[in-house]
1. Pick from Arg81, Arg74, Arg92, Arg56: which is modelled with pLDDT of 90 or more, surrounded by 14 or more Cβ atoms within 10 Å (Cβ to Cβ) and over 30 Å from Leu5 (Cα atoms)?
2. Are any residues in the stretch 1-37 of a type in the set (A, V, I, L, M, F, W, C) and in contact with a Lys or Arg (Cβ under 9 Å, 6 or more places away or on another chain), and if so, which ones?
3. Give, as residue ranges, the strands (runs of 3 or more DSSP E) completely inside the stretch 99-152 that count at least 3 residues that are modelled with pLDDT of 85 or more and surrounded by 13 or more Cβ atoms within 10 Å (Cβ to Cβ).
4. State which residue is nearest to Asp38 (Cα to Cα) when the search covers only the stretch 2-27 and only residues that are surrounded by fewer than 10 Cβ atoms within 10 Å (Cβ to Cβ) and of a type in the set (Phe, Trp, Tyr).
5. Take Asp31 and decide whether it is assigned to a helix (DSSP H, G or I), under 28 Å from the mean Cα position of the chain (by Cα), of a type outside the set (Lys, Arg) and surrounded by 11 or more Cβ atoms within 10 Å (Cβ to Cβ).
6. Taking Lys59 as meeting all but one of (1) out of contact with any Pro (no Cβ under 7 Å at 6 or more places or on another chain); (2) outside any helix (DSSP H, G or I); (3) closer than 20 Å to Ala131 by Cβ, write down the number of the exception.
Amino acid sequence: MRKKLQDYLPPILLKTYEFPLLCETEQPEIDRLHDAADAVLDAQFLSTAGEYAIQRYEKIFGVVPQDTDTLDERRFKVLTRINTQLPFSVRRLRQQLATLCGENGYKLEVGGGKYTLSVKVALTAKRNQQAVEELLADIVPANMVCTTSLLYNTWEQIKKLTWGELKKLTWREIKEEVLPDGAEDT
């Protein structure tokens with residue numbers, strides 16, 4: 001809790017008419033100054049950056065957000081651009097995907113002899129699939145064929161639900177949405 005300007009005055013001045021009134025008048029300006037200072041500090045770190053700071057990062061890195069993107073999704077796209085580093089290695093790609101999608105938020109398959117790379121994004125991070133595609137386009141060598149897809153629910157995940165729970169869902173929801181009650185294992 002921030003202190004008010006009146007808290008800094010000696011008790012003798014609080015008994016006057018002018019000083020408490022002056023403090024009350026100046027308090028909103030001081031509060032705005034504190035908020036602006038906090039916003040500047042938050043903007044230094046991507047995880048705490050606000051709307052304005054994310055807008056600036058997007059401009060710097062050439063990220064064009066979609067109208068439906070949330071602030072967290074926009075952070076994810078900026079983080080994707082920041083983490084794009086060459087040269088390409090599978091170990092580095094695994095690190096970047098783990099940072100962006102979570103340790104269990106993806107499945108990576110490399111076909112070394114056929115020069116193929118397949119990334120399956122977990123349903124919990126499916127809104128980030130396009131950002132993962134952009135990351136792959138930026139860092140994977142041009143002679144490799146890259147594919148991305150969603151890591152759909154499997155029977156192992158679905159069988160944890162009761163038939164009553166499944167009746168409430170459509171086939172598409174059973175296949176492509178995060179299952180209720182944590183039944184999904186990514």
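1. Arg74
2. If the condition is that a residue be of a type in the set (A, V, I, L, M, F, W, C) and in contact with a Lys or Arg (Cβ under 9 Å, 6 or more places away or on another chain), then Cys23, Ile30 are the ones that fit.
3. Result: 106-111, 116-122.
4. Tyr8
5. Taking the combined requirement at face value, the residue does not satisfy it.
6. All conditions pass for Lys59, except number (2).
The values are calculated or read from the model by the stated rules, or taken from the named source; none is laboratory data. A quick note: this is a predicted structure, and the numbers were derived from the prediction, not measured. Glycine also receives a Cβ, built like all others from the backbone with ideal geometry; neighbour counts cover every protein chain displayed.
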